[in-house]
Amino acid sequence: QVQLVESGGGLVQAGGSLRLSCAASRSIFSIVVMGWYRQAPGKQRELVAEISSGGSTIYADSVKGRFTISRDNAKNMVYLQMNSLKPEDTAVYYCMVATINTHNYWGQGTQVTVSS
């Protein structure tokens, strides 16, 4: 059963924008953190942004000022607005949710490719 589904990835030119969405199944409850991670070829998976149930956010230094994470708790959804995209943002982006009982869920990933 698929419990997290990402969408919104694609191919854009440098300077463009994309908005990623992640829908978590209603069967996932007691979510405390939702976030986005990315993994580029030859690199380790890294945190892009996280948002707590209370709205506190964390961003990687490389995306501060360009990306914005938001969530809709009632809909079990999290979003990532990506502006001023750079070629180095090219990666597979994964949605993550963490529950209060320490369970973590991961989406299948959505490809973001930024051309120069």
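Values as computed for the structure displayed
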item: Any pair with Cβ under 6 angstrom, 6 or more apart, that starts in region 59-73 at a residue that is closer than 14 Å to Pro87 by Cα and ends at one that is open to solvent by 50 Å² or more (accessible area, probe 1.4 Å) and part of a loop (DSSP other than H, G, I, E, B); result: Arg66/Asn83; Arg66/Ser84
item: Candidate set: region 40-65, residues that are touching a strand residue (DSSP E or B) at 6+ places or on another chain (Cβ under 7 Å) and part of a loop (DSSP other than H, G, I, E, B); chosen: the one most open to solvent (accessible area, probe 1.4 Å); result: Arg45
item: Only listed residue being loosely packed, with under 13 Cβ neighbours inside 10 Å, closer than 18 Å to Gln111 by Cβ and either of a type in the set (A, V, I, L, M) or at pLDDT 95 or above (or both), chosen from Ser17, Ser7; result: Ser17
item: All positions within region 81-116 that are of a type in the set (A, V, I, L, M, F, W, C), within 11 Å of the chain's Cα centre (by Cα) and more than 15 Å from Gly10 (Cα to Cα); result: Cys95, Met96, Val97, Trp106
item: Exclusive hit being in contact with a Leu (Cβ under 8 Å, 6 or more places away or on another chain) and at negative phi, set Ile31, Ile51, Ile69; result: Ile69
item: Any hit, region 23-46, residues being at pLDDT 95 or above and under 14 Å from Asn83 (Cβ atoms); result: no
item: Residue check for Val78: out of contact with any helix residue (DSSP H, G or I) (no Cβ under 8 Å at 6 or more places or on another chain), under 14 Å from Gly8 (Cβ atoms) and not acidic (Asp, Glu); result: yes
item: Close pairs from region 15-30: first without any contact (Cβ under 8 Å) to a residue 60 or more places away in the chain, partner assigned to a strand (DSSP E or B) and among the small types (Gly, Ala, Ser), Cβ under 9 Å, at least 6 apart; result: Ser21/Ser7; Ala23/Ser7
item: Members of region 1-19 that are of a type in the set (S, T, N, Q), under 16 Å from Tyr93 (Cβ atoms) and not in a strand (DSSP E or B); result: Ser17
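Okay, residues lined up against (1) part of a loop (DSSP other than H, G, I, E, B); (2) touching a Pro at 6+ places or on another chain (Cβ under 9 Å); (3) surrounded by 13 or more Cβ atoms within 10 Å (Cβ to Cβ); (4) of a type in the set (Val, Ile, Thr):
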position: Ile69; (1), (2), (3), (4): no, no, yes, yes
position: Ala74; (1), (2), (3), (4): no, no, no, no
position: Ser84; (1), (2), (3), (4): yes, no, yes, no
position: Glu88; (1), (2), (3), (4): no, no, no, no
position: Ala98; (1), (2), (3), (4): no, no, yes, no
position: Thr102; (1), (2), (3), (4): yes, no, no, yes
position: Val114; (1), (2), (3), (4): no, yes, yes, yes
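The values are calculated or read from the model by the stated rules, or taken from the named source; none is laboratory data. Given the structure is predicted, the values throughout are model-derived calculations rather than measurements. Ideal geometry is used to build each Cβ from the backbone, glycine not excepted, and the neighbour counts take in all protein chains shown. SASA here: full protein model, heavy atoms, side chains in, ligands and nucleic acids out. Shrake-Rupley method; radii C 1.70, N 1.55, O 1.52, S 1.80 Å.
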